[in-house]
Amino acid sequence: MNNTVQAIALGTLRYGDSSLIAACYTQQFGLQSYMLKGILSAKKKKKLSKSFFEPLTLLEFEAKKNRDGKLGYLQEVTLLQAYTSIPFDLRKKAVVFFLAEVIHQVVKEEQQEPNPSLFEFLKKRLLWLDKHSEIGLFHLKTMLDLTKFMGFYPNISHNDAPYFSLEAGCMSAYKPRFHFIEGDLKTLWINVLGTKFEATGNINVSREEKMVLLEYAINYFKLHLQQFKPPKSTEILNALFKVS
């Protein structure tokens with residue numbers, strides 16, 4: 001029996017001449033992959049649109065949980081909630097492409113187990129991004145907040161210590177040998193972590209500092225998630241924010 005499934009599109013791979021395989025993070029089943037047969041064909045009358053599977057689009061459809069190692073098939077999909085600004089804002093599109101790469105790698109760690117709290121967290125953040133014009137530290141804060149669901153959220157107690165160890169995930173009174181943050185950047189790192197999401201726009205940070213903090217966050221994920229790879233869209237994201 002099929003279930004009504006809420007999902008967040010993560011990306012697609014081409015399969016053959018006219019089909020795609022879509023990765024989706026679902027509220028009910030966790031990470032799932034679906035065959036979109038003939039979606040690229042100009043001749044076939046389709047109930048599916050490739051645009052529905054743009055990164056981090058919110059979807060709803062009828063489906064069963066995929067069997068281990070098997071693909072599901074989707075015949076019809078609707079938008080759970082249509083975005084009004086993300087598809088038309090280059091900076092927001094860069095942010096969602098970046099976060100889609102991060103999220104895809106994160107949810108792989110859960111081995112297809114559902115996590116409704118994580119799904120709701122992501123949905124609320126995406127709807128917030130769609131409704132607000134100021135992006136600010138959205139991508140950095142969202143990326144760091146993801147670690148709450150993965151069990152390696154940075155510990156910033158004793159924040160008067162001079163160093164933050166990326167490898168240990170906590171403050172340090174002694175200078176670590178590798179992978180640490182110090183000085184003004186350590187203060188900014190603590191401010192981002194210690195500030196509520198809605199108030200991060202009040203943090204005074206330069207474009208250069210934002211880029212460096214993002215590199216620290218990516219390195220933090222590499223140190224704490226097996227096989228995590230820096231998102232390919234990082235360079236595009238930084239380039240857009242550099243000129244905006």
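Structure data summary
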{"quantity": "Residue with peak Gaussian network fluctuation, the chain [Cα springs, cutoff 10 Å], from 15, 83, 25", "calculated": "15"}
{"quantity": "Interatomic Cα distance distribution for the stretch 101-244, bins of 10 angstrom, percent", "calculated": "10, 40, 38, 11, 0"}
{"quantity": "Pairwise centroid distance, computed over Cα atoms, of the stretch 142-205 with the stretch 35-98, Å", "calculated": "35"}
{"quantity": "Within-11-Å neighbourhood charge of residue 228 [Cβ basis; K, R +1; D, E -1]", "calculated": "+1"}
{"quantity": "Inter-site label distance for residue 168 and residue 182 at 7 Å from Cα along Cβ, in nm", "calculated": "1.4"}
{"quantity": "Cut-off under 5 Å, modelled amide H: who pairs with residue 30 long-range", "calculated": "115"}
{"quantity": "Estimated inter-spin distance, residue 153 and residue 239, nm [label 7 Å along Cα→Cβ]", "calculated": "3.6"}
{"quantity": "Within the stretch 1-82: Cβ-based charge dipole about Cα centre, in debye rounded to nearest 20 (Lys, Arg +1; Asp, Glu -1)", "calculated": "380"}
{"quantity": "All-pairs Cα distance distribution in the stretch 173-226, expressed in whole percent, bin size 10 Å", "calculated": "21, 52, 25, 2"}
{"quantity": "Among the listed pairs 92/124; 50/70; 37/232, those beyond 25 Å (Cα-Cα)", "calculated": "37/232"}
{"quantity": "Principal axis dimensions, the stretch 1-82 - Cα atoms, whole angstrom, descending", "calculated": "33, 31, 23"}
{"quantity": "Isotropic mean projected area of the C-alpha convex hull, the stretch 74-137 (nm²)", "calculated": "5.5"}
{"quantity": "Mean separation of Cα contacts under 8 Å, 6 or more apart, over the residue count of the chain: relative contact order %", "calculated": "16"}
{"quantity": "Mean shadow area of the stretch 120-159 over all directions, Cα convex hull, nm²", "calculated": "3.5"}
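A short reminder: the numbers here are calculations on the coordinates, not readings from a lab. Treat the numbers as computed from the prediction; the structure is a model and nothing was measured. Positions of Cβ are backbone-derived with ideal geometry, glycine not excepted, and every protein chain shown enters the neighbour counts.
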